[in-house]
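Peer 1: Pasting a structure below so you can have a look.
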Amino acid sequence: MSPDVPGSSPHPYFDEKAGEREKRIKSLFEELDYKKRGYLDAEAILGGFLKLTHLPAHTRYATDLLAKCDTAHDGVIDYQEFRTYVLEKEKELWGLFAEINQSDQHYRLLPSDLENALKAAGIHVSKEDISNFMQVIDTEGNGYIDFHDWRDFLLLLPRETTIIEIYQYYQTSTQLTHDAEVVIPHTDETANNAYKYLAAGGMAGAVSRTCTAPFDRLKVYLITQTVSFSKQAAAAAAATSSQPPTHHQSAILTGLKNIYHQGGFRAFFVGNGLNVIKIVPESAIKFYVFETTKSILAELTHSEDKNAIPVGARFIAGGVAGLCAQFCIYPVETLKTRIMSSMIIESNGKMMDKKSSDAFKSKQKNLILNTARSMYTTGGLRGFWPGLTVSLMGVFPYQALDMGIYETLKVTYLQYMNNQKDEHGKGKSPNVLVLWACGMVSGSIGATSVYPLNMLRTRLQAQGTPAHPYTYTSAWDAAKKTLRADGIGGFYKGLGPTLFKVVPSVSISYAVYEFSKKTLGIS
């Protein structure tokens, strides 16, 4: 601590003797290495965050610090690697401390210093925000922050030493208590605007799904068609048509024509209302179950907080959330599929006249209610969950592939960017579009891998409808009949439209989500 008279005490950074600094760093390393193994791993680093800041930290900070210090690339940090990092980090911390320290010559940061520095960086906070920020770093309650407090709180922060990064680090750290309870401070935007974020996501999903509804409609059409049924329809069309037989058309082109003949342009959006309605409840269920499961697994794995659970536990939490959301939303999904499959397929190639259009509108009236009543009459409550088992079987494989491939691509890209330097010698920031592309690639591979299960689910949901008049006793029965009628390729019917809609769907979602956040006043 500096006394009241300037210059009467050693400089908090420059006047520390080399031997004293070496001893301090060595002592800190030994405290963090509480298992006395001679190195620090992610577990020891997380403990270090707790020791120095008195707050639990998120796993990503430990991962980032390992990547930054581990010059030997052996997955751990030895003393020399730790020492090199600490010396460089303390130099950066002093530089920022001196830059912020404008109102006091005693090497102390006052609340006004922090407030001015944050405002200069474009972060506007209240007096209460500053008071809370001060209290976290000023562990002795002096009303100011000296360099020792500043250094200890930020020493293990692996990110760039800027006031913006430090404030974000403070906000992230204070989201968790020692009991792993979420306590997001009111300065964190997501705490105050949870419903706005949910609304923004709902709007993004609604616009995206509506714009790509024709792809989904075509996918269901292709899945419900079988070779034998298509041949029967073609023969019937040839018998009633005076036109000479035409050359064989692709299944997609034929599907587009037949859907249009069912009701014109509107026919491509049949069932989209239900698809949009389920967005918000599905997202809410996934979020709630995911967070709850993480908390339970944190206790079972003795993790410090729910965000520090192992990768395997996070995978299980995601899978459980997917299972619960799938089960709860499944009746709506079944209803949507049966509505899409309840329209009579017109294969004669004639344009829809006014009479046909009026018939389509009449058919659309009360379609949801009539379809739901028919489902209940035929199968009772169980009629709303056909193919549930085979659908749930695909949740974990998809989760594993999507998460595994995405993490591999993301980590590879981030490691590459970490080695790239700009003209000032600083690491380049990752491009959000590249990370977005990683998500699309992983999602596409995951969807393709489990597509046969989704195809069987759709046929089980659509069985007995005009578009798919066949019935099945089980998923295995559906698989055998599909193989016999359509061969191996039958299990991938509709995959094309599914993959085609990935880029426009994600692009529209991202654009609308950002616009919605801006409109709702969140960033």
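Peer 1: What are the residues in segment 117-136 that are closer than 14 Å to Thr162 by Cα, in a helix (DSSP H, G or I) and of a type outside the set (Lys, Arg), if any?
Peer 2: Ala117, Leu118, Ala120
Peer 1: So which of Gly264, Gly322 is at pLDDT 80 or above, of a type outside the set (A, V, I, L, M, F, W, C), surrounded by fewer than 19 Cβ atoms within 10 Å (Cβ to Cβ) and part of a helix (DSSP H, G or I)?
Peer 2: Numbers: Gly322 fails: surrounded by fewer than 19 Cβ atoms within 10 Å (Cβ to Cβ).
After applying the criteria, what remains is Gly264.
Peer 1: Quickly run through segment 137-161 and pick out the residues that are open to solvent by 60 Å² or more (accessible area, probe 1.4 Å) and either polar (S, T, N, Q) or not in a helix (DSSP H, G or I) (or both).
Peer 2: Those that are open to solvent by 60 Å² or more (accessible area, probe 1.4 Å) and either polar (S, T, N, Q) or not in a helix (DSSP H, G or I) (or both): Thr139, Glu140, Gly141, Asn142, Arg159, Glu160.
Peer 1: Now for a separate question. How many residues, within segment 113-130, are surrounded by 14 or more Cβ atoms within 10 Å (Cβ to Cβ), at pLDDT below 80 and not aliphatic (A, V, I, L, M)?
Peer 2: Qualifying residue count for the region: 1.
Peer 1: What are the residue pairs meeting all of these: first residue in segment 386-399, first residue open to solvent by 50 Å² or more (accessible area, probe 1.4 Å), second residue part of a loop (DSSP other than H, G, I, E, B), Cβ atoms under 6 Å, and 6 or more apart or on different chains?
Peer 2: Correct list of pairs: Pro397/Val450; Tyr398/Val450.
Peer 1: Quick one: which residue in Tyr470, Tyr492 is open to solvent by 40 Å² or more (accessible area, probe 1.4 Å), within 25 Å of Gly271 (Cβ to Cβ) and touching a Pro at 6+ places or on another chain (Cβ under 9 Å)?
Peer 2: Details: Tyr470 fails: touching a Pro at 6+ places or on another chain (Cβ under 9 Å).
Of the residues listed, the single one that is open to solvent by 40 Å² or more (accessible area, probe 1.4 Å), within 25 Å of Gly271 (Cβ to Cβ) and touching a Pro at 6+ places or on another chain (Cβ under 9 Å) is Tyr492.
Peer 1: Specify the residue that is modelled with the lowest pLDDT; the eligible residues are those in segment 162-186 that are surrounded by 17 or more Cβ atoms within 10 Å (Cβ to Cβ) and polar (S, T, N, Q).
Peer 2: Restricting to residues being surrounded by 17 or more Cβ atoms within 10 Å (Cβ to Cβ) and polar (S, T, N, Q), the top hit is Gln175.
Peer 1: For segment 187-253, please list each of the helices (runs of 4 or more DSSP H) lying entirely inside it that holds at least 3 residues being at pLDDT 75 or above, open to solvent by less than 30 Å² (accessible area, probe 1.4 Å) and in contact with a helix residue (DSSP H, G or I) (Cβ under 7 Å, 6 or more places away or on another chain).
Peer 2: By residue number, 194-211, 213-224.
Peer 1: Looking at Glu88, Glu81, which is the one that is open to solvent by 90 Å² or more (accessible area, probe 1.4 Å), of a type in the set (Asp, Glu) and over 15 Å from Ile166 (Cα atoms)? If you could, list the steps in order and put the result at the bottom.
Peer 2: Working: Glu81 fails: open to solvent by 90 Å² or more (accessible area, probe 1.4 Å).
On inspection, the qualifying residue turns out to be Glu88.
Peer 1: Between residues in segment 68-87 that are among the hydroxyl-bearing types (Ser, Thr, Tyr) and residues that are modelled with pLDDT under 85, which pairs lie under 6 Å by C-beta distance while being six or more apart or on different chains?
Peer 2: Partner pairs satisfying both residue conditions: Tyr85/Cys69.
Peer 1: Let me ask another. If you go through segment 450-464 one residue at a time, do you hit one that is assigned to a helix (DSSP H, G or I), open to solvent by less than 30 Å² (accessible area, probe 1.4 Å), in contact with a helix residue (DSSP H, G or I) (Cβ under 6 Å, 6 or more places away or on another chain) and β-branched (Val, Ile, Thr)?
Peer 2: Yes, the conditions are met somewhere in segment 450-464.
The values are calculated or read from the model by the stated rules, or taken from the named source; none is laboratory data. Note that this is a predicted model, so its numbers are computed, not measured. All Cβ positions, glycine included, derive from the backbone under ideal geometry; neighbour counts span all protein chains shown. When the accessible area is computed, the model is the full protein with side chains, heavy atoms only, and any ligands, DNA or RNA have been set aside. Shrake-Rupley method; radii C 1.70, N 1.55, O 1.52, S 1.80 Å.
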